[in-house]
Amino acid sequence: MKRERIYLSPPNMGGYEQTYINEAFESNWVAPLGPNVDEFEKELCNYVNSNAGLALSSGTSAIHLALKLLEIGKGDIVFCSSLTFVASANPILYLGAKPVFIDSEPYSWNMSPVALEKALNKANSMNNLPKAIIVVNLYGQSAEMNSIVPLCQKYNVPIIEDAAESLGATYNGKASGTFGEYGVYSFNGNKIITTSGGGMLISNNVESIEKARFWSTQSREKVLHYEHIEVGYNYRLSNILAGIGRGQLKVLDEYINAKREVFNRYHVALSNIPGFNFMPELKESRSTRWLTTLTINKKMAGISSLELINELSKYNIESRPVWKPLHLQPLFSDCEYFKHMENMSVSDQLYLDGICLPSGSDLSVEDQDFVINTIVNILAVSKI
Ligand SMILES: *Cc1c(COP(=O)(O)O)cnc(C)c1O
């Protein structure tokens, strides 16, 4: 019998979604905006303790609007974490601005305060400070905000927190996504909760969120006829999808606990294997463990992360490399990059050695045992 494929982080409907979708159908609030959108914004703001939120069609559009609110334009510099999904930086290019990439540190895999300080010092000495810094919180965990926030304050550079992967995580007890001027969440299909596609921009600055709301609905002036002074976008989330989001938000805490459980089971079973090093958790952090990730030292383990990924796929198990750093992408080949250490790029190493294991919030113990046993068996064979 062929086993069903075990996915990395599949959507997991909690049971409440259909109720909100039905409400939308019954009231014919299928389009355009509607009560689910308003409530989803309120409920999410409540969850993360932010003043204002704007539900959007994607996390990428939220980053785009955050950059626009900070008046990023042609030729401006924006710093961004290098170890991330391309969506963190693409909106910098939409606006004609120039990204500068910052390395990771080994303790959270997120933006290195050391590399950031080097980059800020150099930019300051050249009188060319960035107009914004996009700090990414990878795989469910916050960056080291105790160091990053004061550094950005020192140079008066606003932070956009890309919390697309870290909704529900905390740092010093404060919600991931609420450390900067703007925070961004994603509800793409693979994220901890999903609307099938969607995002949210949050801020304590209510006026700015209202401005972004205006842009996201084609910048329609408040008159009956269609009057336009500024360029606009069609970026809003539909009332149906917001209904899915409301249902998912109800089970978010449950999913965080489930994902942390998944991590713990992998950790107990595999962390003693020589060369296996799980993504650490900062003492200030409570990660959601959106994905269980680790690095594999081939010399010690006898197998590389890429070889293991290929072997696992033969057993119908999906696993992936960690993000390929953006400074290594052809798209960004002309961008400056600041390393954590002079002689080594941490993000390069995490990319070369990293692997993400199946981490669904509905991953059964049985399926997880199958993944664990398969890894142990693959390692035993590779040693012969
Ligand atoms: C998923 C993701 C995004 C983009 O979100 P979309 O909703 O897919 O546009 C941005 N940044 C990071 C780090 C992500 O993982």
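Each reported figure results from applying straightforward, stated rules to the coordinates on display, with no laboratory input. Here the structure is a predicted model, which is why all the values come from computation and not from measurement. Counting neighbours? That spans all protein chains shown, and the Cβs are built from the backbone with ideal geometry, glycine included.
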Completion exercise
Most exposed to least, judged by fewest other Cβ atoms within 10 Å, K259, K98, K222 sort to K222, K98, K259
Problem - Stretch gain in nm, segment E254-N90, where the contour uses 0.36 nm per residue and the Cα spacing is subtracted - result: 55.8 nm
Exercise for the section: Taking every Cα atom in the chain, find the radius of gyration and the maximum pairwise distance Dmax, and write them in Å. Expected result: 21.3, 76
Exercise for the section: With a 10 Å radius around each residue's Cβ, average the other Cβ atoms per peptide and rank 47-54, 223-230, highest first. Expected result: 47-54, 223-230
Completion exercise
Projecting the Cα atoms of V371, L350, V381 onto the charge dipole of segment 252-382, where Lys and Arg contribute +1 and Asp and Glu -1 at Cβ, the residue farthest towards the positive end is V381
Problem - Unit Cα scatterers, Debye sum, segment 252-382: log10 I(q)/I(0) for q = 0.16 Å⁻¹ - result: -0.87
Completion exercise
Cβ density ranking, 10 Å radius, fewest first, applied to E318, E207, E41 yields E207, E318, E41
Exercise for the section: Using a 10 angstrom cutoff on alpha carbons, build the Gaussian network for the chain and name the most mobile of S108, S82, S142. Expected result: S108
Practice task
Return the subset of K131/K211; K68/K118; K98/K191 for which the Cα-Cα distance in this structure is over 22 Å, preserving the input order.
Solution key: K68/K118; K98/K191
Exercise for the section: Considering only DSSP beta bridges where both residues belong to segment 96-186, give the percentage that are antiparallel (nearest 5). Expected result: 30 percent
Completion exercise
Which of A258, A31, A87 fluctuates most in a GNM of the chain (C-alpha springs under 10 Å)? That residue is A31
Completion exercise
Highest GNM mean-square fluctuation among I309, I192, I159, for the chain with Cα springs under 10 Å, belongs to I309
Handout entry: Candidate aspartates and glutamates - alpha carbon under 13 Å from K324, same-chain residues fewer than 8 apart omitted
Key = D103, D348, D353
Completion exercise
Given unit charges at Cβ for Lys, Arg (+) and Asp, Glu (-), the dipole magnitude of the chain about its Cα centre in debye, nearest 20, is 620 debye
Practice task
Return S208, S9 ranked ascending by Cβ neighbour count within 10 Å, so the fewest neighbours appear first.
Solution key: S208, S9
Fill in the blank from the handout: Restricting to Cα pairs under 8 Å and 6 or more apart, the percent relative contact order of segment 17-249 works out to 29 percent
